[in-house]
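A short write-up of the structure that comes next.
The values are calculated or read from the model by the stated rules, or taken from the named source; none is laboratory data. From a predicted model like this one, the values you see are computed outputs, not experimental measurements. Positions of Cβ are backbone-derived with ideal geometry, glycine not excepted, and every protein chain shown enters the neighbour counts.
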There are 6 protein chains.
Amino acid sequence: MVRDIDWDKAAKRTVGFSGADLENMLNEAAIQAARKNKTEIEFSDIEEAATKVKLGPEKKRLQTDLDRKMTAYHEAGHAIVTYALPNMDPVHRISIVSRGMALGFTLIPPQRDRIHETKTHLLEQITSMMGGRAAEALIFSEMTSGAANDIDKATMLAKNMVVEYGMSDLGPINFGPTVDTTEWGGRYMMDSKISPDMQSKIDSEVKKIIDKSYQKATSILSKMKDKLDRVAEELIKKETLEGEEFEKIVGTKPALAKINS
Amino acid sequence: MVRDIDWDKAAKRTVGFSGADLENMLNEAAIQAARKNKTEIEFSDIEEAATKVKLGPEKKRLQTDLDRKMTAYHEAGHAIVTYALPNMDPVHRISIVSRGMALGFTLIPPQRDRIHETKTHLLEQITSMMGGRAAEALIFSEMTSGAANDIDKATMLAKNMVVEYGMSDLGPINFGPTVDTTEWGGRYMMDSKISPDMQSKIDSEVKKIIDKSYQKATSILSKMKDKLDRVAEELIKKETLEGEEFEKIVGTKPALAKINS
Amino acid sequence: MVRDIDWDKAAKRTVGFSGADLENMLNEAAIQAARKNKTEIEFSDIEEAATKVKLGPEKKRLQTDLDRKMTAYHEAGHAIVTYALPNMDPVHRISIVSRGMALGFTLIPPQRDRIHETKTHLLEQITSMMGGRAAEALIFSEMTSGAANDIDKATMLAKNMVVEYGMSDLGPINFGPTVDTTEWGGRYMMDSKISPDMQSKIDSEVKKIIDKSYQKATSILSKMKDKLDRVAEELIKKETLEGEEFEKIVGTKPALAKINS
Amino acid sequence: MVRDIDWDKAAKRTVGFSGADLENMLNEAAIQAARKNKTEIEFSDIEEAATKVKLGPEKKRLQTDLDRKMTAYHEAGHAIVTYALPNMDPVHRISIVSRGMALGFTLIPPQRDRIHETKTHLLEQITSMMGGRAAEALIFSEMTSGAANDIDKATMLAKNMVVEYGMSDLGPINFGPTVDTTEWGGRYMMDSKISPDMQSKIDSEVKKIIDKSYQKATSILSKMKDKLDRVAEELIKKETLEGEEFEKIVGTKPALAKINS
Amino acid sequence: MVRDIDWDKAAKRTVGFSGADLENMLNEAAIQAARKNKTEIEFSDIEEAATKVKLGPEKKRLQTDLDRKMTAYHEAGHAIVTYALPNMDPVHRISIVSRGMALGFTLIPPQRDRIHETKTHLLEQITSMMGGRAAEALIFSEMTSGAANDIDKATMLAKNMVVEYGMSDLGPINFGPTVDTTEWGGRYMMDSKISPDMQSKIDSEVKKIIDKSYQKATSILSKMKDKLDRVAEELIKKETLEGEEFEKIVGTKPALAKINS
Amino acid sequence: MVRDIDWDKAAKRTVGFSGADLENMLNEAAIQAARKNKTEIEFSDIEEAATKVKLGPEKKRLQTDLDRKMTAYHEAGHAIVTYALPNMDPVHRISIVSRGMALGFTLIPPQRDRIHETKTHLLEQITSMMGGRAAEALIFSEMTSGAANDIDKATMLAKNMVVEYGMSDLGPINFGPTVDTTEWGGRYMMDSKISPDMQSKIDSEVKKIIDKSYQKATSILSKMKDKLDRVAEELIKKETLEGEEFEKIVGTKPALAKINS
């Protein structure tokens, strides 16, 4: 039996979930409630189930205090940068509990479907992804291989901006491979040949996006170092911070900027 | 039973349709008429059925006013630029109703088979495709990933002009892969080897076409900003504008320029 | 029953036909004669059958006067340039009747087997192929995608001249892939590796051949514009011109220059 | 029967072993104990079994004194450089007994799971791998092909640092091929196209890492040449040195530096 | 029955023939003798049979006098250049009778197995191959595609000299793909990676060999133009010249130079 | 029955033989002994059998005196250069008897397993391989294609030195494709991407090694021309020289230099 669930909140939490994700999540929530001998599924069961479905089960790993500290600053870095960017959705949850391959995670579920994906929001997403590495460098003057996944995703977005979305100084031109069907029939398939000169310009544009985003993330964290420290400290203490706890430290995130709604 | 259909208009609306498209369209029109308990198929059923066959069924998505506004300007951009170009066919319909992957669409069915595809008309098609992105930039100083499909198609046309149609400064030479049978027998198959130098020139020619077309689209929209605003406003109000409604705002499109018959 | 056929003329008309082509042609000629209730096959049946076997059946397409005019000038361009080049065979037939993918055609069957294919004749063939595009540009200041096939074939010939026949400034050297068996046994198979530098030189040589040929075609048509106009006008009127009708307008083509026998 | 095993020590020795490795190791240890008519497995059986599972069985090869001397200095080079680097785990065992393809080996098992892999530790690993070649050059002014495996692994790590971990002057950008699934669904697959310019920068960064590491290894060995000589001499005498024996010569390795814990 | 055959001469004529070639040749000779109602095979039957086995049967093609003249000069060009080079074997037969794809041929069977293939002889072979094109250019200021096969083979030899035999200014180094087994076991397989710089040098060396050889062929023919004319005239008259007839015109070829024995 | 065999000598002669090689060799030796009606296998049977297993059976080819002279100097070149290099094993046998594809051979079996393959020894191997071509050039001012195999093997070794063993000025870095499993688990597979710049440096390093080795071979032969002549003369007389006969002419080779033992 399911009762007292804030379904609006649950719906928002699961934007982007597939039908299979939702089914898995509800099953998982029921199992967890049953394990705790509860007769009703509560929102906390939903929350935990949603996380498990997306990131895998918790994984205990032997860690030193310093390990935990580094993870805490990495995740806090993501969270603080995300907080400071006007078009990013609010942080939903931060955790330094290991799940799957990840040492921690920062959840930023979209508040609703993005109808238009804008250049501004794409740049902020990349900057947010840079927040972890930027914090490592700022606090420890060190880099970890744990940022590789952030770097990979950020590079992918930056490439898409340049190669497919026409959002760089190279203009509204497509440099990717193409399979397409036109509105009035006719089918195109063409492997994109690009000269070394043009590829070099593409590489430079991608690098420029990454470099600027990293600098912005670093600059945000430098200015908000106090809050970064406090979030990291709280994370080390509690392991997981809900969005509300995070906002108690950093302040409430203002409503999304209009243009990117 | 089918009555009172303006078959000339229907034929024009379906230029470029395959036999299967036509069959699907007629079935769809019959189903729609039946749903509305009509005993006869009317032209509006044909119209809706033709659109559904080509673009997929309507799709309700939760959108903000700003989302709708951005879509409206994007489609209005296509429509206004198309209107302003002397060799483009007239706009048949504009809509901000989501269908399939598209947030909106602007229909520009050819008035009849193009016997000759001219350089002038190809350049105008590319400029028309640039109209959406140009409107985004002009009105919102923003870019959306929704223009990616326009950019992809425009790049494809520009490449064909340079690589296969010999319509660039590189002259009447073919740079693509070739499979051909000569008039008097004999069969050629040859994978085109091109030096980095020549590929670089090809890339520049393609980019030049895209850049000029984008500038032209921007220039048209700047000059016709009043009409752009009014079309967008009407679209936000009515969601779909038929060609006649569009022309009430912008004026009747003159007959096609002679050369491109 | 076949009677009164000028077999010499028929043989000349079918130089380059395969055995299967000839069989198809004779069957087709018999069918056509039967359709017209003739008891004998005449040369006109052979002529039509030969064209159908090589280019496909006639195809009615809705065209404007301007469409027909553009096609007429394109084909007249091929015919006039061919006429003006001393080593090209005489024009056999010109037509603006659509067949298969083609809007028109100009038939230039070889008068007999070319024993030696010379550099001079290859250059004239390329120039002849450029005649259609050159006419479009000269008369309409426009280019059509209909010239793509001419451009493709001309590029192929130019490449062969440079890469396999050693007929460019790069000298008697082969740049293509090679499979060969020597006179005294021994078998070579080698995929040709070419540096970007050398490929760039090859590209330039190919482009030089195309550019010069296009300029020559343009120059011929400029000088013979009167005849170009009269052939195009006749074509618009009659749709198809036999070689004799064409030569009535432009004059009889002199015998082939000696060297290219 | 298993008795008197220091299981803590055994666990540390087998960090990074798979389940199959552990099973093979225990079987092997039991077999060895049985061969020696022991009724109980001792730690020395575990030790030998662990080595055999990872490196293969001992292999007698006819060697000259000089062969043994070169191997001894190569392995001593790895051990000494490892000892001198503050973030490397302590040397567990050094041996000039041939196993599989290897003439000798230096075991440096991680003391526990590395939660964070840092840039500092990666650079030290590469420097440690350079220790063998550096010793060859320093002592014999000679190079052997036996260092090829060290060089291969070191290059791989250096490439990962530059291409995937964003740890070079090129910044936090990914240059490798990518298959990824985002947190919120959506799947990317993209073969990384890189211009010759950018690839050249990548190559330089990789080379810079290798060159600096090799210089550091050489510099360490030059400064600690006395200890290098003594370790090599002991190795020639005893063939295998346990970590304790090694540390008797070079001194106890200080606890790992904090940052890389 | 085979009688009165000069078997020494026959053996020399068939150096390089495979067992199957020899069998085919003898069968063919027997058939020809039988057709002519001879009871014995004579040397002329052997000669004709050997040619047929290697080059295919005679092929009658309709040719003009000029066609025959061009072929005659092409073959005479090969023969004269071959005659003038001290290390080439003597010309055995020249013919302008079409066989297979060839319009004519010049037979230069090796007098015996070449034990050592020298740089000098390879260069002379290439020069001999250039003789046909050089004669076309010298006499007709024209080039034919018939030289394509000569050009292909000459390029192949020149490439081998540079890439495999180490006979260019690039020195004794191999640039080709390699599969090899060493004398003492061990197997190598390596696809040769070559930089554009080095490939460019290879291309230049190959071109240099071709260019020099072509110049030498041209220079020889210029100096021996009288003999070239007389051989061509005789060929036009007799269609085929035996080695003895050729040497009556040009003089007896001196014995092979010593070094290339 | 096998008797009176110097098994030490036989073992030395067959270093590097596989089990199958050894079995083939013993069978072959037995067959040869039987053919000669010997009841016992003697060392000479072993020697001949070992050569046949590795190089194929003797092959009689018609040769001129000059052919034999060129082969003799080529093999003598290998032998003399090998003799002059301090780290090369002694020459075991030189022959100008044709076997398989080879016109002659120089056997240099390793005296025992090379435990360490050093840079010095690799360079000497390459120099030894250059000895044949160097002799051709020195004595005949000519080059033969027979050196192609030497050149191929020498290039391969030089590439390995640069690309895998880190023995060039490019330092201890790997440029080859890599498949590897680390000591502690984890598997790498990566196709090596290399920029044209770096590949050009690799090509230069390989060429530098080859060029220097060739110069050294030439310099050795120039200084030892008397001995070269005498060895070649003896070879022409006897066809095969055993190591002892060779050393009678050139002197006994000093023991291997210490470092490369």
Next item on the list: Have a look at E:155, E:127 and point out the one that is at the interface with chain C (Cβ under 7 Å from one of its Cβ atoms) and buried (at least 20 other Cβ atoms within 10 Å of the Cβ).
Entry: E:155
Checklist line | Residues satisfying the stated conditions in region D:89-119, i.e. of a type in the set (Val, Ile, Thr) and either buried (at least 20 other Cβ atoms within 10 Å of the Cβ) or within 22 Å of residue D:227 (Cα to Cα) (or both) | finding: D:91, D:94, D:96, D:97, D:106, D:108, D:118
Check: Residues of region E:227-246 being within 9 Å of residue E:76 (Cα to Cα) and in contact with a strand residue (DSSP E or B) (Cβ under 8 Å, 6 or more places away or on another chain), which ones?
Finding: E:231, E:235
Check: Being farther than 21 Å from residue B:6 by Cβ, among the aromatic types (Phe, Trp, Tyr) and assigned to a helix (DSSP H, G or I), is that true of even one residue in region B:37-50?
Finding: no
Checklist line | Residues (more than 15 Å from the chain's Cα centre (by Cα) and among the acidic types (Asp, Glu)) located in region D:134-177 | finding: D:136, D:142, D:164, D:169
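Here are some residues: C:67, C:21. Which one is within 30 Å of residue C:218 (Cβ to Cβ), modelled with pLDDT of 80 or more and not hydrophobic (A, V, I, L, M, F, W, C)? Working first, answer last.
On the way: C:21 fails: within 30 Å of residue C:218 (Cβ to Cβ).
One residue alone meets the criteria, C:67.
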Check: Counting only residues that are assigned to a helix (DSSP H, G or I) and either of a type outside the set (Gly, Ala, Ser) or surrounded by fewer than 22 Cβ atoms within 10 Å (Cβ to Cβ) (or both), how many does region D:137-147 have?
Finding: 5
Next item on the list: Filter region C:105-118 for residues that are under 22 Å from residue C:149 (Cα atoms) and in contact (Cβ under 8 Å) with a residue 60 or more places away in the chain and give the result.
Entry: C:109, C:110
Note to self: Restricting to region B:135-146, name every residue that is among the aliphatic types (A, V, I, L, M) and more than 7 Å from chain A (Cβ to nearest Cβ).
What the structure shows: B:135, B:137, B:138, B:139
Item checked: Candidate set from region E:57-100 (those that are among the β-branched types (Val, Ile, Thr) and not in a loop (DSSP other than H, G, I, E, B)); member that is farthest from the chain's Cα centre (by Cα) -> E:71
Check: Here are some conditions: (1) surrounded by 15 or more Cβ atoms within 10 Å (Cβ to Cβ); (2) small (Gly, Ala, Ser); (3) away from chain A (no Cβ under 14 Å). Residue B:44 meets all but one. Which one does it not meet?
Finding: (1)
Check: How many residues does region A:15-35 contain that are surrounded by fewer than 16 Cβ atoms within 10 Å (Cβ to Cβ), more than 25 Å from the chain's Cα centre (by Cα) and not aliphatic (A, V, I, L, M)?
Finding: 2
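Hey, among C:12, C:38, which residue is over 18 Å from residue C:58 (Cβ atoms) and surrounded by 15 or more Cβ atoms within 10 Å (Cβ to Cβ)?
On the way: C:38 fails: surrounded by 15 or more Cβ atoms within 10 Å (Cβ to Cβ).
None of the others qualify; the one that does is C:12.
Under the condition of being small (Gly, Ala, Ser) and buried (at least 17 other Cβ atoms within 10 Å of the Cβ), which residue from region D:205-244 is nearest to residue D:168 (Cα to Cα)? Steps first, please.
First, the residues of region D:205-244 that are small (Gly, Ala, Ser): D:213, D:217, D:219, D:222, D:232, D:243.
Restricting the remaining residues to those that are buried (at least 17 other Cβ atoms within 10 Å of the Cβ) gives D:213, D:217, D:232, D:243.
Details: D:213: 14, D:217: 20, D:232: 35, D:243: 34 Å.
The extreme case among them is D:213.
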Notebook entry, point to check: Would you say residue B:132 is at pLDDT 95 or above, part of a helix (DSSP H, G or I) and touching a strand residue (DSSP E or B) at 6+ places or on another chain (Cβ under 9 Å)?
Noted result: yes
Next item on the list: For region C:59-88, name all the residues that are charged (D, E, K, R) and either surrounded by fewer than 23 Cβ atoms within 10 Å (Cβ to Cβ) or within 9 Å of chain B (Cβ to nearest Cβ) (or both).
Entry: C:59, C:60, C:61, C:65, C:67, C:68, C:69
Note to self: Which count do you get for residues in region E:160-198 that are modelled with pLDDT of 75 or more and within 7 Å of chain F (Cβ to nearest Cβ)?
What the structure shows: 14
Item checked: Scan of region B:101-118 for residues that are within 14 Å of chain C (Cβ to nearest Cβ) and either assigned to a strand (DSSP E or B) or under 20 Å from residue B:219 (Cβ atoms) (or both), ordered by number -> B:118
Next item on the list: Filter region D:199-251 down to the residues that are of a type in the set (A, V, I, L, M) and at the interface with another protein chain (Cβ under 10 Å from one of its Cβ atoms), then identify the one that is farthest from the chain's Cα centre (by Cα).
Entry: D:202
